[in-house]
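Each remark here refers to the structure printed beneath this line.
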Amino acid sequence: MKKNRLIYIVSVAMMVLISCNKEEVGPVITDPTAPVITAPGPGLSFEFTEATAKETVTFTWSAATNYGFAAAVTYKVEMSMPGDDFVTPVAIITTSGLTGTITYGDLNNQMMAAEMPPGVSSDVKFRISASVSASVPNAHSGIVTLALKPYRVIVNYPKLYVPGSYQGWAPAAAPVISSLQSDGLYEGYIWFADANTNFKFTDGPSWDKNWGDDGADGTLNPNGANIVAAEAGYFKINVNVPKLTYTYMKTEWGIIGSATTGGWDADQNLTYDPVSKTLSITLNLVIGDIKFRANDGWDLDFGDNKTNLSLEYRGANIPIAAVGNYTVTLDLRGPIYTYVIKKN
């Protein structure tokens, strides 16, 4: 009995060893042939408008092949904004077929989400990404660049109206400040042409619900006393509705940077235009960088993190690529703050 048991154990061990020495042979994956975009062709231009939002762009491409096995391929049309070079591509179409369609409106929304400047043509890159499994690297087509000009989508951010003596105490016609995060925190910039301007806040285009400041202490009171700006100028106004507090600060804006004659040591002052309600300056610039800042200091400054003409507080330097005479315009009408640099 012991002998038979020993023979059984040895046999099982040999079977295990033989099994371990056998290599499982799976599909042989060679270098796959990437898809090729056949439409739209490179260099085409598209201008999006609200009227054409339902029109479409159709992408077509050839199949990805040569995987070495029967592969079920998933294709994605990927979109990359200027300066990104597919570091963070956006998949706008996913399909198992060889064609896909997207509306002008959806493309416009993608550009607005990426803070691309409305009314300006931007070179946007597209490619096809083919995948068969997580263990196999994706095969990418060549890149097609299209010039896309988006339109501004009007977003109805929560807002407070700022009626006052400077505009006839008419809430319905008053400038507004906005809450971009819909969190009760409001901000905006308003021009007061005269000293001792009186103003208040309303939550709509009427006096039904309004706030002033009875103690001139930065605390808001329902139906409170007028708030008084002692000086004329361009004011940054902030309101915290949950806490019923507010601040206002006079700002004088300029540009500064290595591209200006003053370098990083002296501001080149912008001038406010009450007609366009923007600030601007015309000056000579050299190759270098600029930023916008208020009151000759760094407590309040703007840069551009995405080089897309949309400003961020304490954002990145804005590059100037060529020597020349430029008109630089700063637009703080909000709720998104923007700028334009135009070579004359």
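Bear in mind that the values in this text are calculations on the coordinates, not laboratory data. Every value quoted in this text rests on a predicted model; they were computed, and no experiment measured them. Positions of Cβ are generated from backbone atoms using ideal geometry, with glycine treated the same way; all protein chains shown enter the neighbour counts.
Can you classify the stretch 253-343 as rounded, prolate or oblate using the Cα gyration tensor, where a ≥ b ≥ c are the square roots of its eigenvalues, rounded means a/c under 1.5, and otherwise it's prolate if a/b beats b/c and oblate if not? Rounded is the answer for the stretch 253-343, as its axis ratio a/c remains below 1.5. Excluding residues on the same chain fewer than 8 positions from K125, give the aspartates and glutamates whose Cα lies under 15 Å from its Cα. Correct list for K125: E78, D84, D85.
Taking G233, G168, G142 in turn, the Gaussian network model of the chain (Cα-Cα springs below 10 Å) assigns the largest fluctuation to G168. For the chain, a simple Cβ point-charge model (Lys and Arg +1, Asp and Glu -1, everything else neutral) yields a dipole of about 1460 debye relative to the Cα centre. Only helices enter the 222 nm calculation for the chain: every DSSP H run of n ≥ 4 contributes -39,500 (n - 2.57), and dividing by all residues gives -3000 deg cm²/dmol, rounded to 500. For T197, the residues 5 or more places off, or on other chains, whose built amide H falls under 5 Å of its own are A229. Ordering T94, W211, G262 by the projection of their Cα atoms onto the charge dipole of the chain, which places +1 on the Cβ of Lys and Arg and -1 on the Cβ of Asp and Glu, puts T94 at the extreme positive end. Here's the picture: a label point sits 7 Å out from the Cα of D208 along the beta-carbon direction, and within the stretch 126-166 the residues with their amide nitrogen under 20 Å of it are 156-164.
Phi angles across the stretch 314-323 convert, under the Karplus curve 6.51 cos²θ - 1.76 cosθ + 1.60 with θ = phi - 60°, into 3J(HN,Hα) values of 6, x, 6, 4, 9, x, 10, 8, 9, 5 Hz, Gly and Pro given as x. Helix 104-113 axis versus longest C-alpha principal axis of the chain: approximately 70°, rounded to the nearest ten.
Taking 0.36 nm per residue of separation and subtracting the Cα-Cα distance, full extension of the segment from A173 to A147 would add 5.6 nm. Taking label points 7 Å from Cα along the Cα-to-Cβ direction, S45 and K342 give a separation of 1.7 nm.
Largest GNM mean-square fluctuation among P117, P222, P82, using the chain with Cα springs under 10 Å: P222. Charges were assigned to the Cβ only: +1 to each Lys and Arg, -1 to each Asp and Glu. The resulting dipole of the stretch 37-149 about its Cα centre is roughly 300 debye. Which angle from 0 to 90°, rounded to the nearest 10, does the C-alpha axis of helix 2-21 make with the longest principal axis of the chain? Approximately 50 degrees, to the nearest 10.
Based on alpha-carbon atoms only, what is the radius of gyration of the stretch 159-251 relative to the globular estimate 2.2 N^0.38 Å?
Numbers: Rg = 11.8 Å, N = 93, 2.2 N^0.38 = 12.3 Å.
For the stretch 159-251, the normalised Cα radius of gyration is 0.96.
The modelled label-to-label distance for the pair A63/K250, using points 7 Å beyond Cα in the direction of Cβ, is 7.4 nm.
Here the Gaussian network model covers the chain, with springs between Cα atoms less than 10 Å apart; of G257, G212, G43, G43 fluctuates the most.
Subtracting the Cα-Cα distance of K306 and V87 from 0.36 nm times their residue separation leaves 77.5 nm of extension gain. Model label points for D296 and D265, set 7 angstrom from Cα along the Cα-to-Cβ axis, are 1.4 nm apart.
When only Cα pairs under 8 Å and 6 or more residues apart are kept, what is the percent relative contact order across the chain? If you can, show how the numbers build up before the last one.
Working: 776 pairs, mean separation 35.9, N = 344.
Dividing the mean separation by the residue count of the chain yields 10 percent.
Using C-alpha pairs under 8 Å with a sequence gap of at least 6, the mean separation divided by the residue count of the stretch 271-343 gives a relative contact order of 33 percent. From the alpha carbon centroid of the stretch 297-337 to that of the stretch 154-221 is 26 Å. The number of Lys pairs in the stretch 253-343 with C-alpha atoms less than 19 Å apart, excluding pairs fewer than 8 positions apart on the same chain, is 5. Of the residues P150, N109, G164, the one whose Cα sits farthest toward the positive end of the charge dipole of the chain, with +1 on the Cβ of Lys and Arg and -1 on the Cβ of Asp and Glu, is N109. At full extension, S96 and V275 could sit 59.0 nm farther apart than now, given 0.36 nm per residue minus the alpha carbon distance. Restricting the stretch 172-234 to chymotrypsin sites (Phe, Trp or Tyr not before Pro) that sit in a DSSP loop and have at most 16 other Cβ atoms within 10 Å of their own Cβ leaves W207.
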